[in-house]
Amino acid sequence: MAAATGTSSSWPLPLHGGLLLLLPLLTITTAASSAPLPLLALLSLKSSLRDPAGALRPWTYAAAASAGATRSLAPPWCAWPGVSCDAATGDIVGIDLSRRNLSGTVSATAARLLAPTLTALNLSANAFAGEFPPALFQLRRLEVLDVSHNFFNGTFPDGIAELGVLTAFDAFSNCFIGALPRGLGALRRLERLNLGGSYFNGSIPAEVGQLRRLRFLHLSGNALTGRLPRELGVLASLEHLEIGYNAYDGRIPPELGNLTQLRYLDIAVANVTGPLPAELGELTRLESLFLFKNRLAGAIPPQWSRLRALQVLDLSDNLLAGAIPAGLGDLANLTTLNLMSNFLSGTIPPSIGALPSLEVLQLWNNSLTGRLPESLGASGRLVRVDVSTNSLSGPIPSGMCSGNRLARLILFDNRFDTAIPASLANCSSLWRVRLESNRLSGTIPAGFGAIRNLTYLDLSSNSLTGGIPADLVTSPSLEYLNISGNPVGGALPNVSWQAPKLQVFAASKCALDGEVPAFGATGCSNLYRLELAGNDLTGAIPHDIGSCKRLVSLRLQHNQLTGEIPAELAGLPSITEVDLSWNALTGAVPPGFANCTTLETFDVSFNHLAPADSTSAPPGDAEGSSARHNAAMWVSAAAVAFAGMAVLAVTARWLQWRDDGTAAPDGSGGVGGARANVVVGPWRMTAFQKLSFTADDVARCVEGSEGIVGAGSSGTVYRAKMPNGEVIAVKKLWQAAAQKEAAGPEPPPPRKDQDDADADKRVLAEVEVLGHLRHRNIVRLLGWCTNGEATLLVYEYMPNGSLEDLLHGAGAAAARAKPKARLGWDARHRIAVGVAQGVSYLHHDCRPAVAHRDLKPSNILLDADMEARVADFGVAKALRGAAPMSAVAGSCGYIAPEYTYTLRVDEKSDVYSFGVVLLEILTGRRPVEADYGEGSSIVDWVRRKVAGGGEGGARDVMDAAAWADRQSGEARDEMALALRVALLCTSRSPQERPSMREVVSMLQEAKRGRKLAAKKPAQTKII
């Protein structure tokens, strides 16, 4: 019978022909031996998987039997989710279980039963972990196998050669280590191979050259080394080759020029050296070529002008020299040309400006001279131009925005002269304009303020005159405006503070006169930086400056301001820097500044201020007192300035991006060896995986305040939507925060410059380590961006906020308002286990091990499935010998007792913090509350309650929502067990605390008892 011997089966069951229809198929207890093999195969597969979301709930014997009683054309399992059958035979030929949050493994029994017919298996985007299932090698009829976007780890097992008919194998974004799978050369029918995004090391095996049918090869984002094999050049059918983001040795093989079918070539961020192979000019079908961020040297081969199909060419961040070949102007399909950060010289060929499809031209940070091509932009398709930091001169071409598509125009740090073209002020597509540090003259053309897309305009350090156009300061969209260092002249327009989104207004050293206009009730609602230093401004500082609630920095030094310092200034909630020196201010310093906790820099030296108690002094005494006060203020200001310069020096060093050839060497001037004038450069990104957005896309999302979703000790967090629709989280680090992570409060050692440099390297090295952490319970750091002034960390976005919000914030309030939405024990247990697994990964699976050092609910985020993800590694440290730290890291209530006096990094500190978090999950209370008593924490309070009340004490500390009447006795027992785990973790002695691996086991064991009890009554049935 087919149930016993056939590899395919028809439904109903073959019992004397059609007599089966007369049987009562709703009887679920039919013996398993009478079920068809395909049904048994699917049920066996289900039983080997963990399915927390119930995606495979319809996969039951009962459903098959019930459906079989009413249909006769096709087996009922063919209608189960994820199952595909052959229309003619009913055999199972495809299983697609992607994006179902599954874990577990594929059992050998299931694989053996599926092997005769299965040709396609998709397990992608799940939570599979551990070793790759060797049972899959039994599926020898497989043609398509997709296990991408999981957490498989360890070395790849031998056996892939058994899948001899495989045409597509995708294992992208896992955690494999060791060498690439052995036996790949035996897969002679393979057309698509994707092993990117793991930790494979070693070299690319030469046997890859045996895959003559291969059309797609992706090995990017691993740790591969060695030389690129020349055998890659024999893959004549290859159309897509992506092998970057590795660490190879040697050159690009010239044999790659034999890949005449190639359309996409990416060897970026791969450490390759040597010249660019001229042979690549033979790739006449090539559309995209990415070789950026390597160590390629020499000239761009003129033979590359034969790449007539080329659309994107990116050779940036290399050591290329010589001129830009004029032949690149013959590439009529070219849309993107990125040659920035090289050593290119000479002029930009006029033919480049005439490219009919050009949309992006980025040539910044080279040594180019001459003029921009006059025809640049004439095609009407230009979107982005960045030629900053060169030695270009002449006028700015007037037709750059002829198509009204130009969004970014970045020309700073060149020698452009003459006037700004009036056509640019009418370019409605402009979003970001940087023309600073040139030799531009004439007036600022009217119209920029009317461009509704324009958010950033920097015209500083030129020779512009003619006053400030009123439309600029009333722009509906402008957020950043800098015209400093121009002899603009005139007075500030009376409507200067009416731009509703303006955050930064800088007009220092602009020969401005007249008074500072009143701010009005809402005129500066978003302004956080105001710089008007070095002008001839007169009159008083407007007293309605108190309406600028977001003001952080106010710099009005070197003017002729009079009157008193407004008391309202001291009441601004975020003010950190005030410089009013070198004016003619009178009166006393408002006493409110003494209580201003946010203030870091306050300089009022060289004014005519009097001490607060001198208002009734005799005239002669008043003069002497004022002089003494000014002297004291000057001494204080000098001390503040010195400290500020030291902080700025360290911060500037930390912000210098790694491997930046433009960084000034030590001793080049400035305080502490930093550059005397740090010029803010273009945004640059270091990505830890292939990303579909740019650093500019990220930077654009953090320029305003609309996307802010939170702020912490190290920076502000934004929700950012990328142009392709992807949502990410971006943390904009406070400029001092990065420095504070690398340096403590102690006095600097004698060799401070060297120590600062070492600290910078350590911080960047730790960011690199965190960027390669991959675990389902760790928020993934996708990359980081810097422009020399600010640093942005790019994370995957967690839509359900933090555990802090869920337990104590808006989420907790919503749960109290809606009883059905209360956080029950099952959800709390899942979150606790997720956090424990994430920290266990840091301690036991990372090399070197990583200590989080600031574990708390606000640093635990919740993804779309309410799975916990550990985040915010702002103070994380690699555990290399557990060296003492220079300052206490962590948050009040979560710091292990011994850490406050030993300052020693140890995983036991994280275990203590986790114990506190687990107590919060169980009790719903904060770690520090007045109810606990002076000097006591939640740990002390729980211990007192439990010690004094026995079992009743445990009940008294539990959160009422979790300890609800509807909870089963087993659930309450599990909560009591979890409470014991929390108390173990918070033992005062570090030696008595369990490891995080033991914590995971104990928490899982607490739940496992109930699961086993629930399964016992069903053991006699197939479900």
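The values are calculated or read from the model by the stated rules, or taken from the named source; none is laboratory data. Computed from a predicted structure; not experimentally measured. Here the Cβ is made from the backbone with ideal geometry for all residues, glycine too, and neighbour counts use every protein chain on show. Ligands, DNA and RNA are excluded from the accessible area calculation, which covers all protein heavy atoms including side chains. Shrake-Rupley method; radii C 1.70, N 1.55, O 1.52, S 1.80 Å.
For every residue, the table says whether it meets (1) over 17 Å from R215 (Cα atoms); (2) open to solvent by less than 10 Å² (accessible area, probe 1.4 Å).
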position	(1), (2)
E239	no, no
L259	no, yes
L262	no, yes
D266	no, yes
L286	no, yes
L291	yes, yes
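Return yes or no: is A876 among the hydrophobic types (A, V, I, L, M, F, W, C) and either at pLDDT 65 or above or out of contact with any strand residue (DSSP E or B) (no Cβ under 7 Å at 6 or more places or on another chain) (or both)? Lay out the reasoning, then the answer.
On the way: among the hydrophobic types (A, V, I, L, M, F, W, C): yes; either at pLDDT 65 or above or out of contact with any strand residue (DSSP E or B) (no Cβ under 7 Å at 6 or more places or on another chain) (or both): no.
No: the conditions fail for A876.
Considering only the range 927-1023, give the helices (runs of 4 or more DSSP H) lying wholly within it that have at least 2 residues that are at pLDDT below 80, under 19 Å from G915 (Cα atoms) and open to solvent by less than 90 Å² (accessible area, probe 1.4 Å).
Numbers: elements: 938-957, 969-985, 996-1015.
Once the helices (runs of 4 or more DSSP H) in the range 927-1023 are filtered for at least 2 residues that are at pLDDT below 80, under 19 Å from G915 (Cα atoms) and open to solvent by less than 90 Å² (accessible area, probe 1.4 Å), what remains is 938-957, 996-1015.
From P591, P566, P573, grab the single residue that is open to solvent by 30 Å² or more (accessible area, probe 1.4 Å), more than 35 Å from the chain's Cα centre (by Cα) and farther than 21 Å from G490 by Cβ. Even if it seems obvious, please write down each step before you answer.
On the way: P566 fails: open to solvent by 30 Å² or more (accessible area, probe 1.4 Å); P573 fails: more than 35 Å from the chain's Cα centre (by Cα).
The unique qualifying residue is P591.
Could you please find all residues in the range 830-856 being among the charged types (D, E, K, R) and more than 23 Å from C892 (Cα to Cα)?
Here is the first cut: in the range 830-856, the ones among the charged types (D, E, K, R) are 830, 845, 847, 853-854, 856.
Of everything in the range 830-856, those that are among the charged types (D, E, K, R) and more than 23 Å from C892 (Cα to Cα) turn out to be R830, D845, R847.
For a quick check of your reading: which strands (runs of 3 or more DSSP E) sit entirely within the range 370-489 and have at least 3 residues that are open to solvent by less than 20 Å² (accessible area, probe 1.4 Å) and under 20 Å from K501 (Cα atoms)?
Details: elements: 384-386, 408-410, 432-434, 456-458, 480-482.
By residue number, 432-434.
Please list, ordered by residue number, the strands (runs of 3 or more DSSP E) wholly in the range 74-124 having 1 or more residues that are open to solvent by 30 Å² or more (accessible area, probe 1.4 Å) and among the β-branched types (V, I, T).
Details: elements: 83-85, 92-96, 120-122.
Fully inside the range 74-124 and qualifying: 92-96.
Is it true that I160 is in contact with a Pro (Cβ under 9 Å, 6 or more places away or on another chain) and either among the β-branched types (V, I, T) or without any contact (Cβ under 8 Å) to a residue 24 or more places away in the chain (or both)?
Details: in contact with a Pro (Cβ under 9 Å, 6 or more places away or on another chain): yes; either among the β-branched types (V, I, T) or without any contact (Cβ under 8 Å) to a residue 24 or more places away in the chain (or both): yes.
It is true that I160 is in contact with a Pro (Cβ under 9 Å, 6 or more places away or on another chain) and either among the β-branched types (V, I, T) or without any contact (Cβ under 8 Å) to a residue 24 or more places away in the chain (or both).
Let me confirm something: among N583, N526, N559, which residue is in contact with a strand residue (DSSP E or B) (Cβ under 7 Å, 6 or more places away or on another chain) and in contact (Cβ under 8 Å) with a residue 24 or more places away in the chain? Walk me through it before giving the result.
Values: N583 fails: in contact with a strand residue (DSSP E or B) (Cβ under 7 Å, 6 or more places away or on another chain); N526 fails: in contact with a strand residue (DSSP E or B) (Cβ under 7 Å, 6 or more places away or on another chain).
After applying the criteria, what remains is N559.
Looking only at residues in the range 820-847 that are open to solvent by 40 Å² or more (accessible area, probe 1.4 Å) and not in a helix (DSSP H, G or I), which one is nearest to G924 (Cα to Cα)?
If we filter the range 820-847 for residues that are open to solvent by 40 Å² or more (accessible area, probe 1.4 Å), which is where we start, we get 820-822, 826, 830, 837, 844-845, 847.
Narrowing the set further to residues that are not in a helix (DSSP H, G or I) leaves 822, 847.
Details: R822: 11, R847: 35 Å.
Here the answer is R822.
Residue by residue through the range 137-193, note down the ones that are part of a strand (DSSP E or B), open to solvent by 10 Å² or more (accessible area, probe 1.4 Å) and at pLDDT 95 or above.
Initial filter on the range 137-193 (part of a strand (DSSP E or B)): 144-146, 151-155, 168-170, 175-178, 192-193.
Next cut, open to solvent by 10 Å² or more (accessible area, probe 1.4 Å) only: 144, 146, 151, 153-155, 168, 170, 175, 177-178, 192.
Answer for the range 137-193, where residues must be part of a strand (DSSP E or B), open to solvent by 10 Å² or more (accessible area, probe 1.4 Å) and at pLDDT 95 or above: V144, D146, A168, D170, R192.
Among P325, P395, which is at pLDDT 95 or above, more than 25 Å from R684 (Cα to Cα) and in contact with a Pro (Cβ under 6 Å, 6 or more places away or on another chain)? Steps first, answer last, please.
Working: P395 fails: in contact with a Pro (Cβ under 6 Å, 6 or more places away or on another chain).
Every option except P325 fails the conditions.
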